[in-house]
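Heads up: the structure comes next, in structure tokens.
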Amino acid sequence: MRAVIQRVSKASVTVDGDIISKIDNGLLLLIGIEDQDTTEDIIWLSKKIVNLRIFNDESGVMNYSLLQTNGDAIVVSQFTLHASTKKGNRPSYLKASKPDVAIPRYERFVNQLEQDLGKKVSTGIFGADMKVDLLNDGPVTIIIDTKNKE
């Protein structure tokens, strides 16, 4: 799994002109899924995200996690995170899981994140043409790949 984690002051997801998800302070999570992703990847990534100390404390130091700040989250599926640009100029998305594999894993990730965070998280609509609006706070943007745990 690949995740782009953005600390936001606000974020929203719009589909067909309707805002379907909206948060204030928290994280916008773009999630890419591939066939090799396992339940262990889902659990590890969720726990890593909720415990990342990327929110400022009283001294302006990134010392608090999403869990500690009681922040919110929006999870948006994004198959393009698995784009291969090795050959030519048109990205290949062969590594990205097809919907029959990706949807259950995406839903499992959302459920795991809700369990680890202790509250409901917002989502996009899998496969929809979404408009994502955000105000990146910091900016703080972190990329995590469960196959390359650095």
| query | So which residues in the stretch 30-43 are under 11 Å from GLN112 (Cβ atoms), open to solvent by less than 20 Å² (accessible area, probe 1.4 Å) and of a type in the set (Val, Ile, Thr), if there are any at all? | reply | ILE42
| note | All conditions in (1) surrounded by fewer than 20 Cβ atoms within 10 Å (Cβ to Cβ); (2) more than 14 Å from SER122 (Cα to Cα) are true of MET1 except (1)
| Hits in the stretch 49-80 - residues which are among the hydroxyl-bearing types (Ser, Thr, Tyr), out of contact with any strand residue (DSSP E or B) (no Cβ under 6 Å at 6 or more places or on another chain), open to solvent by 50 Å² or more (accessible area, probe 1.4 Å) and free of Cβ contacts under 8 Å to residues at least 24 places away in the same chain | SER59
| Filtered residue count, the stretch 70-87, keeping only those that are in contact with a Phe, Trp or Tyr (Cβ under 9 Å, 6 or more places away or on another chain) and of a type in the set (S, T, N, Q) | 3
| Unmet requirement for LYS131, which otherwise passes all of (1) touching a Leu at 6+ places or on another chain (Cβ under 7 Å); (2) under 21 Å from SER9 (Cα atoms) | (1)
| query | Are any residues in the stretch 86-139 open to solvent by less than 80 Å² (accessible area, probe 1.4 Å), part of a strand (DSSP E or B) and over 23 Å from ILE19 (Cα atoms), and if so, which ones? | reply | SER92, ALA96, GLY138
| Residue satisfying all of: in the stretch 4-14; open to solvent by 20 Å² or more (accessible area, probe 1.4 Å) and touching a Lys or Arg at 6+ places or on another chain (Cβ under 8 Å); farthest from ILE143 (Cα to Cα) among these | THR14
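Can you tell me which residues in the stretch 50-62 are hydrophobic (A, V, I, L, M, F, W, C) and touching a Ser or Thr at 6+ places or on another chain (Cβ under 9 Å)?
Passing the criteria: VAL50, LEU52, ILE54, PHE55.
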| Can SER46 be described as open to solvent by 30 Å² or more (accessible area, probe 1.4 Å), within 24 Å of GLY138 (Cβ to Cβ), not in a strand (DSSP E or B) and not hydrophobic (A, V, I, L, M, F, W, C)? | no
| query | Which ones in the stretch 1-43 are hydroxyl-bearing (Ser, Thr, Tyr) and not in a strand (DSSP E or B)? | reply | THR38, THR39
| query | Under 9 Å by Cβ, and 6 or more places apart or on different chains, what pairs join a residue from the stretch 125-150 that is among the aromatic types (Phe, Trp, Tyr) with one that is at pLDDT below 95? | reply | PHE126/PRO99
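The values are calculated or read from the model by the stated rules, or taken from the named source; none is laboratory data. Bear in mind the structure is a predicted one, so any value in this text is a computation, not a measurement. So basically every Cβ, Gly included, is an ideal-geometry build from the backbone, and we count neighbours across all protein chains shown. Each accessible area value is taken on the protein alone, full model and side chains, heavy atoms only, with ligands, DNA and RNA left out. Shrake-Rupley method; radii C 1.70, N 1.55, O 1.52, S 1.80 Å.
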